[in-house]
Amino acid sequence: VAGPVKQVLRSGVEIVWRETRYLDPGEQREACSRTCLARGVGRFVLVTMSFWPEETARWIPVWNELLRSLRMGEYVEPTTGRPAR
């Protein structure tokens, strides 16, 4: 079952994402998957994260931080994670 598509617009990046629930064929139980497609100037990023429903409280803050911190087209210093000047 696919949830609604959500959109996040920020300077330099447009993000759409959706949560889907499905039956995991190996485990024979419900699983959750979140898929994000982000578009920046000349770039696209696809991110998928899957988790069990009972772990939702653990993984949703991780997903929210991913969306909050996603930057495109910016050079970042690999040792500090800060934008290069």
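As an exercise, use a Förster radius of 25 Å and the Cβ-Cβ distance of residue 84 and residue 39 to find the FRET efficiency, rounded to the nearest 0.05. Please list the in-between numbers first.
Values: r = 22 Å, r/R0 = 0.89.
After rounding, the FRET efficiency stands at 0.65.
Please check the chain for the longest run free of GluC sites (Glu not before Pro) that are loop-located per DSSP (anything but H, G, I, E, B) and have at most 10 other Cβ atoms within 10 Å. Walk me through the intermediate numbers first.
Details: sites that count: 27, 74.
That would be 28-73.
Counting other Cβ atoms within 10 Å of each Cβ, which chymotrypsin sites (Phe, Trp or Tyr not before Pro) in the chain have at most 11 and sit in a DSSP loop? Don't jump to the answer; show the numbers that get you there.
Values: sites: 17, 22, 44, 51, 59, 63, 75; in loops: 75.
Listed in order of number, the matching sites are 75.
Can you compute the helix-only [θ] at 222 nm over the chain? Use -39500 (n - 2.57) per DSSP H run of at least 4 residues, normalise by all residues, nearest 500 deg cm²/dmol. Intermediate values should be presented prior to the final figure.
Working: 1 runs with 14 residues, N = 85.
Taking each H run of at least 4 residues, the total per residue is -5500 deg cm²/dmol.
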- State the dimensionless ratio Rg/Rh of the chain (Rg: radius of gyration of Cα atoms; Rh: Kirkwood radius). 1.05
- Task: Using label points projected 7 Å from each Cα along Cα→Cβ, tell me how many nm separate residue 50 and residue 18, to one decimal.
- Result: 1.7
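Provide the per residue accessible area, probe 1.4 Å, for segment 20-79, rounded to a whole number of square angstrom. Please list the in-between numbers first.
Details: 4210 Å² over 60 residues.
Accessible area per residue: 70 Å².
Whenever you get a sec, compute what percent of the accessible area on the chain sits on carbon and sulfur atoms (1.4 Å probe). Numbers along the way, then the final one.
Working: 3410 of 6170 Å².
Ligands and nucleic acids excluded, carbon and sulfur reach 55 percent.
The values are calculated or read from the model by the stated rules, or taken from the named source; none is laboratory data. Quick caveat: nothing in here was measured; it's all calculated off a predicted structure. With ideal geometry, Cβ positions are generated from the backbone for all residues, glycine too; neighbour counts draw on all protein chains shown. We work out accessible area using only protein heavy atoms, side chains counted, and drop any ligands, DNA or RNA first. Shrake-Rupley method; radii C 1.70, N 1.55, O 1.52, S 1.80 Å.
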